[in-house]
Amino acid sequence: MKNSFSNNKILKENIPQVEQVELSKIEDKYLFIMLIKRIIWFIISFIGCVIISNIEILDNYSIAIYISFIVLFIFIFSFTGISFKKKKYAFRDHDLIYSSGVIFTSTTIIPYNRIQHLAIHQSFISRIFDLSSIQFYTAGGSYTDISIKGLSKEDAEKWKEFVSAKIEKLKK
């Protein structure tokens, strides 16, 4: 019996467009976590600036150091809000999508059959806000791993169960 081989052409109009997928935003409470982390960084860095500006060699530049530090902090602080708005995700039948980035937006798509392990994490600050992150480890290594931060603990558990079920179904 002869098998018929076919290799049909796929038209680019028939390829699903990632841009047309409606991505979900992360929880609004995660913005507070991002801001808290930046404030802690600011406090530690400010202490470092005070120590550096008290060095005799740099004494003439202490005002410039403080002004530069404040400008940098305002710049980083403003990017935090923009970065928060750009973090989005979507789970589909066969893959998951995660998009982030301020200047350069990065969109990562991971098929469920590439996921080797997934885990839910909660930092100390996240626990206060009842938020979690879900980490997807892939066969491609750390460059293709995704961590979706800023999910409610309940949503993270549901998505973990959903993806685990998809992976189990693919193994059969």
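The values are calculated or read from the model by the stated rules, or taken from the named source; none is laboratory data. For clarity, every value in this text was computed on a predicted model and none was experimentally measured. FYI the Cβ positions are ideal-geometry reconstructions off the backbone, even for glycines, and counts take in every protein chain you see.
The table below gives the values:
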{"quantity": "Hey, Ser6 out of contact with any Gly (no Cβ under 7 Å at 6 or more places or on another chain), exposed (fewer than 14 other Cβ atoms within 10 Å of the Cβ) and in the same structural domain as Thr144 (by TED's automatic domain parsing) or not", "calculated": "no"}
{"quantity": "Meets criteria (crowded, with 18+ Cβ neighbours inside 10 Å, more than 17 Å from the chain's Cα centre (by Cα) and not β-branched (Val, Ile, Thr)) for Tyr89", "calculated": "no"}
{"quantity": "Unique match (being surrounded by fewer than 18 Cβ atoms within 10 Å (Cβ to Cβ) and without any contact (Cβ under 8 Å) to a residue 12 or more places away in the chain) among Glu157, Glu161", "calculated": "Glu161"}
{"quantity": "Residue in segment 33-86 that is surrounded by the fewest Cβ atoms within 10 Å (Cβ to Cβ), counting only those that are among the charged types (D, E, K, R) and free of Cβ contacts under 8 Å to residues at least 40 places away in the same chain", "calculated": "Glu56"}
{"quantity": "All positions within segment 107-129 that are among the basic types (Lys, Arg) and in contact (Cβ under 8 Å) with a residue 12 or more places away in the chain", "calculated": "Arg114"}
{"quantity": "Some residue of segment 44-64 being polar (S, T, N, Q), outside the structural domain of Ile128 (by TED's automatic domain parsing) and not in a helix (DSSP H, G or I)", "calculated": "yes"}
{"quantity": "Output for segment 15-64, where each listed residue is touching a strand residue (DSSP E or B) at 6+ places or on another chain (Cβ under 8 Å) and modelled with pLDDT under 90", "calculated": "Val18, Val21, Glu22"}
